[in-house]
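Structure first, commentary second.
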Amino acid sequence: MAADLPNVNELVELVTEVGDYVAAIKTHVDMVEDFSMDEWTKVIDAAKERGVLLFEDRKFADIGRVAQTQMGGLYDIRSWADIVTSHSVSGPDVVDGIAAAWEGVERIGGVLLLAQMSSRENLLSQSYAKRTVEFGEASPHVIGYIANGSSSVEIESLRSMAGSGKLVWTPGVSLTAAEGVLGQRYGNPNDAVRAGSDGVIVGTGIHGSGDRAGAAREYASASWEALLER
Ligand code: S5P
């Protein structure tokens, strides 16, 4: 689930409420207004307590050496994230930079490469996705790809390029909305899973709901039923 909330206590509450129904909590640590490493420990502990992976959606996009240092810095992503996202626009070495950062603190984690996006008019073409999958194939650190959850056609295409050896996770899904703000597009989680998604990434559909645990349960059961149909 995408925990796009601006402060630590709200994040801890959310993890506590929905932790039983999700596999991973996706964060944007740079949107947290009261961030300090001490405070952030509360989020890490809440996730650990519930056996939920922490997934920082950093969308790295720089040269390998810089990505390596960006895994440290104020947020010290390398010390707590189990998964991070990265663009592939700068070539394959960005992934090695990320992996080197984890190695430097004697941790290991997985990278999800953005092969597609859910936002309208994005520039990630089919040939870009294909090259991205080739980078992923060549790297043991790449555990899978982000695909466009709003389009079954695009998910199917990515799944056929990726085969069954890597994950396909899809943001841009909602049980209620067809369109989000500022160009976000949504598809149905059931359609996304049937088209080949292994995990739906839900933000507003859960954290924007009046009953967040109930919403998380609903998305979990919608994707599970779809998986049984696949
Ligand atoms: O193409 C993308 C890739 C990502 S990782 N489109 C996305 O929306 N995301 C992320 O998924 C985005 O950063 C946000 O955290 C989440 C979708 O949130 P929602 O509120 O629209 O469900």
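The values are calculated or read from the model by the stated rules, or taken from the named source; none is laboratory data. Predicted model only: the values in this text are computed from it and were never measured. Cβ: placed from backbone, ideal geometry, glycine included. Neighbour counts: every protein chain shown. Side chains are part of the model used for accessible areas, which takes the heavy atoms of the whole protein and leaves out ligands, DNA and RNA. Shrake-Rupley method; radii C 1.70, N 1.55, O 1.52, S 1.80 Å.
Tabulated values for the structure
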read-out: Per-selection metrics, the range 1-109 (Cα): Rg and Dmax in Å; value: 13.6, 39
read-out: Of P92, P189, P140, the one that fluctuates the most in a GNM where the chain has Cα springs shorter than 10 Å; value: P140
read-out: Difference of contour (0.36 nm per residue) and Cα-Cα distance, S160 to D34; value: 41.1 nm
read-out: Å² per residue, accessible surface of the chain at 1.4 Å; value: 47
read-out: The chain: Lys pairs at Cα distance under 22 angstrom, eight or more positions apart or on different chains; value: 7
read-out: Leading residue at positive end of dipole, the range 1-126 (Cβ point charges), from A23, L112, I83; value: L112
read-out: Over the range 58-166 - Rg/Rh using Cα atoms and the Kirkwood inverse-distance radius; value: 0.98
read-out: Under 18 Å from the E179 label point (7 Å along Cα→beta-carbon), backbone N, the range 100-144; value: 118-122
read-out: Three semi-axes of the equivalent ellipsoid, the chain, Cα gyration tensor, whole Å, largest first; value: 25, 24, 15
read-out: Most mobile of L182, L114, L53 in a GNM of the chain (Cα contacts under 10 Å); value: L182
read-out: Relative contact order [Cα under 8 Å, 6+ residues apart], the chain, whole percent; value: 16
read-out: Electrostatic dipole magnitude of the chain [Cβ: Lys, Arg +1; Asp, Glu -1; Cα centre; debye, to 20]; value: 680
read-out: Lys, Arg +1 and Asp, Glu -1 on Cβ, resulting dipole of the range 77-178 about Cα centre, debye, nearest 20; value: 180
read-out: Burial order of peptide ranges 106-113, 166-173, 190-197 (average beta-carbon count within 10 Å, highest first); value: 166-173, 190-197, 106-113
read-out: Rounded FRET efficiency, nearest 0.05, which uses the C-beta distance separating L228 from A61 and R0 of 35 Å; value: 0.40
read-out: Near-label residues of the range 1-32 by backbone N, under 11 Å of a point 7 Å along Cα→Cβ of R217; value: 21
read-out: Probe 1.4 Å - accessible area at L5, Å² to nearest ten; value: 20
read-out: Exposure ranking of W40, W224 by accessible area [1.4 Å probe, largest first]; value: W224, W40
read-out: Accessible area of the range 159-210 belonging to carbon and sulfur atoms, whole % at 1.4 Å probe; value: 51
